[in-house]
Amino acid sequence: MPYKTPMADTHSLLLTGGRVIDPATDIDATADLLIVNGKIHSVGAPGSLVAFPEIPVFNATGLVICPGLIDLHVHLREPGQSAKETIATGTLAAARGGFTTVVCMPNTSPSVDNAGTVALINDKAEKSAHVNVFVTGAITKGIAGEELAPIGSLKKAGVVAITDDGHCIQNNDMMRRALEYAKMFDLPVMDHCQDYGLVIDGVMHEGYYSTMLGLKGWPAAGEEMIVARNILLAGLTGAHVHCQHISTAGSVELLRDAKKKGIPITAEACPHHYVLTDATIAGSETFWSGDGKALAHWGMDPLPQWPSYHTHFKMNPPLRSAADREAILEGIVDGTLDVLSSDHAPHCNFEKEVEFDYAPFGITGLETELSLSLLQLYHSKKLSLSQIIYKYTVAPAKVLRLNRGTLAPGAIADVTVFDPEKSWVFQKEDSASKSHNSPFYGWTLKGKTVMTIVAGKIAWSE
């Protein structure tokens, strides 16, 4: 492909000698990658690509070069909740974690239920974001579940999906109408699956540990009831439903059966649900790798210790049983769960430093999700690097129809470079996020981002 000589300030770079993995084009080989003027120019054998003197060269020997990772479930908290996170801090955390694209949720203040708020977020992102930011719109006005938002106007304003994330529409007829409208506008519907009548005021998984700790239980059926509802409505309307942060074995089984029937439904899993269990809330040492060995096997000796009732383990949906975690891992491996994401949900310290019952749900995750996935899926030999990268690139791009997730010539040069073998300790003081509600501080992780490139520009580099 011919190209003009780039100017010194253009977004161009030659990465040499790395292991280039691009599931979209079925590449997995040691190669050089040339970026010119913010676009992928070519991938070639080591030493075969010659750049102009103005183009800097990065030696990627021993590193993995892949399409920029995509996280389709992130809370950036702007507008209205900037004490927790901002577009600037959240996207810097994303860049540090290897993510070149994030999709922000609409449960802000005000919620993203009109074109004006979409424009506001896009304007802030253009001025301060370190990575690409795509916006989702609310299904209902004010995310109140009572009246549909102007879905057509939201689509015209540029949203890539609609969701009431953080809330769940309980009225089944309203959800049906939302799906019908969404199909008209070719928008996927992302749903936070929670039946309020079953969950009520539960704060952790209903089971042995909730009884032992005296905390209000959150039954698995509270998720599974809505997953089943969504499957039925997706089949009825033909609209694409994406079930967010799946956490139970029953949900995985329902989704597996629905996919066999050809129902247009996809789903995601988050690292905290396939690494941790409800036992961690009791302070038990139940941190296990995907091959059934204690994490000390990976150099974590002694294991990080947290006291019982620590609110860093309070999330929505809650941490489930060991059996549920194994089912989530099986669903990831067999493709039932299409996408991996963080559900990055920052909160102020003072909000989390209260009794377990009163703390908000949610943890941060952008900076640790790739490492946790490598630990639990790659180093345990459950998935190959290419399969993990697929779930962070091709799969989310397909769900949301994004023009991202590939290193094909001519594509936007969003690129992630990481070392799958590098051991490192996640420390609070190293985090770029404005909030520090992560249960993974002090963990020795295996696999780390080295460089994040957005449209040919280095957004973050170690």
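Hey, any hits in region 204-211 for a residue that's over 24 Å from the mean Cα position of the chain (by Cα) and among the β-branched types (Val, Ile, Thr)? Yes: one or more hits. Selection of region 435-462 for residues being outside any strand (DSSP E or B) and either touching a helix residue (DSSP H, G or I) at 6+ places or on another chain (Cβ under 9 Å) or at pLDDT below 95 (or both) yields 435, 436, 437, 438, 439, 440, 441, 442, 443, 462. Say whether the condition of being outside any loop (DSSP other than H, G, I, E, B), of a type in the set (Ser, Thr, Tyr) and closer than 24 Å to residue 440 by Cβ is met by at least one residue in region 396-416. Scanning region 396-416 turns up at least one residue that is outside any loop (DSSP other than H, G, I, E, B), of a type in the set (Ser, Thr, Tyr) and closer than 24 Å to residue 440 by Cβ. Given the criteria touching a Ser or Thr at 6+ places or on another chain (Cβ under 8 Å), in a loop (DSSP other than H, G, I, E, B), surrounded by fewer than 21 Cβ atoms within 10 Å (Cβ to Cβ) and of a type in the set (Asp, Glu), does residue 146 qualify? Considered against the rule, which asks whether it is touching a Ser or Thr at 6+ places or on another chain (Cβ under 8 Å), in a loop (DSSP other than H, G, I, E, B), surrounded by fewer than 21 Cβ atoms within 10 Å (Cβ to Cβ) and of a type in the set (Asp, Glu), residue 146 comes out as yes. Would region 187-199 turn up any residue that is farther than 30 Å from residue 356 by Cα, outside any loop (DSSP other than H, G, I, E, B) and not aromatic (Phe, Trp, Tyr)? Among the residues of region 187-199, at least one is farther than 30 Å from residue 356 by Cα, outside any loop (DSSP other than H, G, I, E, B) and not aromatic (Phe, Trp, Tyr), which makes the answer yes. Would you check which residues across region 89-130 are under 17 Å from residue 158 (Cβ atoms) and under 14 Å from the mean Cα position of the chain (by Cα) and list them? Hits for region 89-130 are 101, 102, 103, 104, 105.
Applying a threshold of 9 Å to beta carbon distances and a minimum spacing of six or more residues, or different chains, the list of pairs starting in region 354-365 at a residue that is acidic (Asp, Glu) and ending at one that is in a helix (DSSP H, G or I) reads 355/311. Would you tally the residues in region 16-32 being farther than 25 Å from residue 102 by Cα and in a loop (DSSP other than H, G, I, E, B)? So the count comes out to 0. Kindly check whether there is at least one residue in region 401-409 that is β-branched (Val, Ile, Thr) and within 16 Å of residue 272 (Cα to Cα). No, there is no match, as no residue in region 401-409 is β-branched (Val, Ile, Thr) and within 16 Å of residue 272 (Cα to Cα).
Residues that are crowded, with 20+ Cβ neighbours inside 10 Å and either more than 15 Å from residue 277 (Cα to Cα) or at pLDDT below 95 (or both) within region 199-208 comprise just one, 199. In region 385-414, the residues that are more than 21 Å from residue 374 (Cβ to Cβ) and modelled with pLDDT under 95 form no Cβ pair under 7 Å with any partner that is among the polar types (S, T, N, Q) and surrounded by fewer than 19 Cβ atoms within 10 Å (Cβ to Cβ), whether six or more places apart or across chains. Residues of region 123-134 include none that is surrounded by fewer than 18 Cβ atoms within 10 Å (Cβ to Cβ), in contact with a strand residue (DSSP E or B) (Cβ under 8 Å, 6 or more places away or on another chain) and either within 30 Å of residue 417 (Cα to Cα) or at pLDDT 95 or above (or both).
Give me the residue from region 356-365 that is over 17 Å from residue 87 (Cβ atoms), within 17 Å of the chain's Cα centre (by Cα) and not small (Gly, Ala, Ser) and, out of that set, surrounded by the most Cβ atoms within 10 Å (Cβ to Cβ). That would be 363.
A quick yes/no check of all residues on (1) crowded, with 24+ Cβ neighbours inside 10 Å; (2) closer than 22 Å to residue 212 by Cβ:
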position	(1), (2)
306	no, yes
317	yes, yes
322	no, yes
345	yes, no
354	no, yes
367	yes, no
370	yes, no
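Within the option set 457, 422, 428, 434, being under 19 Å from the mean Cα position of the chain (by Cα) and of a type in the set (D, E, K, R) holds for one residue only, 434. Do we have residue 416 as crowded, with 21+ Cβ neighbours inside 10 Å and either under 30 Å from residue 182 (Cα atoms) or small (Gly, Ala, Ser) (or both) here? Answer is no for this residue. Residue count for region 240-284 under the criterion of being in contact with an Asp or Glu (Cβ under 6 Å, 6 or more places away or on another chain), over 24 Å from residue 397 (Cα atoms), among the polar types (S, T, N, Q) and part of a helix (DSSP H, G or I): the result is 0. For residue 432, the stated conditions hold: it is part of a loop (DSSP other than H, G, I, E, B), under 29 Å from residue 135 (Cβ atoms), among the aliphatic types (A, V, I, L, M) and touching a helix residue (DSSP H, G or I) at 6+ places or on another chain (Cβ under 7 Å). In this structure, residue 375 does satisfy being in contact with a Ser or Thr (Cβ under 8 Å, 6 or more places away or on another chain), in a helix (DSSP H, G or I) and crowded, with 16+ Cβ neighbours inside 10 Å.
The values are calculated or read from the model by the stated rules, or taken from the named source; none is laboratory data. Just so it is clear, the model here is predicted, and its values are computed rather than measured. Quick reminder, even Gly has a Cβ in these numbers, built from the backbone with ideal geometry, and neighbours come from all protein chains shown.
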